[in-house]
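Peer 1: This is the structure I want to talk about, given as structure tokens.
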Amino acid sequence: MKKILTDELTLFFFPTFPKRFATQKRGKRVVLGIGGNIGNSIRRFKKLLLLFAHHPRVRLVQSAPILKNPPFGYKKQPDFYNTLFVVDTTLSPFRLLQFLLYIEKRFKRVRTFKNAPRTLDIDIIFYEDKKVQTKKLIIPHPQWHTRDAVTIPLKYMLERR
């Protein structure tokens, strides 16, 4: 099912997007922004969901609906598909970042230039209430509140708590 929000924004609903997953809290709650615009992003998100659902250190708690939205920054590229995952992790913010970069690479992410098209992008939006400000990692994500790709799925998740 899909819900057209505007001429440029569409929400997609699938059996696992959105969904709550039965997990006990064993670590820190983290909100991850998931995006992509090369290839079949929705299929890739489903594979990523399965990976997190069965990982011993990064367990899936909740997923949001998938938002199709236009690119920002570099605009001469296909629209993006974005969603959010809430995960429970025992990894520190920096170990989690290393793990997510590894996952992006495993899903064939190639970094050619800033805001380039990509197969998969995973951002740490929030890591509990922790604040991190380093050259390699900023938490909360600096532009989360200005991006439809985060605010729309997040609003949906918060409304259905």
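FYI, it's all coordinate maths here, none of it is from the lab. Note that the structure is a prediction, hence the values are computed from the model and not measured. Here the Cβ is made from the backbone with ideal geometry for all residues, glycine too, and neighbour counts use every protein chain on show.
Peer 1: Considering the chain as a Gaussian network with a 10 Å cut-off on Cα pairs, which listed residue, Ala149, Ala64, Ala53, attains the greatest mean-square fluctuation?
Peer 2: Ala53
Peer 1: If the cut-off is 18 Å between C-alpha atoms, which aspartates and glutamates fall inside it for Lys105, apart from same-chain ones fewer than 8 positions away?
Peer 2: Of all the aspartates and glutamates, those that pass the test against Lys105 - Cα under 18 Å, at least 8 places apart if same chain - are Asp121, Asp123.
Peer 1: May I ask for log10 I(q)/I(0) of the range 1-47 at q = 0.19, 0.22, 0.25 Å⁻¹, from a Debye sum over the Cα atoms as equal point scatterers with solvent left out?
Peer 2: Summing over Cα pairs of the range 1-47 leads to -0.87, -1.05, -1.17.
Peer 1: Another one. When the label point is put 7 Å from the Cα of Thr112 along its Cα-to-beta-carbon vector, which residues of the range 54-75 have a backbone N closer than 14 Å?
Peer 2: Flagged as within label range: 74-75.
Peer 1: If amide H atoms are built 1.01 Å from N in the plane of the peptide, which residues on other chains or at least 5 residues away come under 5 Å of the amide H of Val132?
Peer 2: Excluding prolines and chain starts, which carry no amide H, the hits are Ile139.
Peer 1: Just to be sure I understand the model, the point goes 7 Å from the Cα along the line to the Cβ. What's the resulting Leu50 to Arg26 distance in nm?
Peer 2: 2.1 nm
Peer 1: Still on this model: Roughly speaking, what is the centre-to-centre gap between the range 7-58 and the range 96-120 when only Cα atoms are used, to the nearest Å?
Peer 2: Measuring centre to centre over Cα atoms gives 16 Å.
Peer 1: Less than 16 Å from a label point 7 Å out along the Cα-to-Cβ axis of Thr134: which backbone N atoms in the range 79-96 qualify, by residue?
Peer 2: Answer for the range 79-96: 91-96.
Peer 1: Here is a follow-up. Run the paramagnetic zone check for Asn40: 7 angstrom along Cα to Cβ, then residues of the range 1-27 with backbone nitrogen under 12 Å.
Peer 2: Zone members listed by number: none at all.
Peer 1: Calculate the translational D of the range 1-107 in whole µm² s⁻¹ from Stokes-Einstein, where the hydrodynamic radius comes from the Kirkwood formula applied to all Cα pairs, the temperature is 25 °C and the viscosity 0.890 mPa s.
Peer 2: 168 µm²/s
Peer 1: May I pose another question? Extent of the range 67-161 along each principal axis, from alpha carbon coordinates, in Å, largest to smallest?
Peer 2: 37, 32, 23
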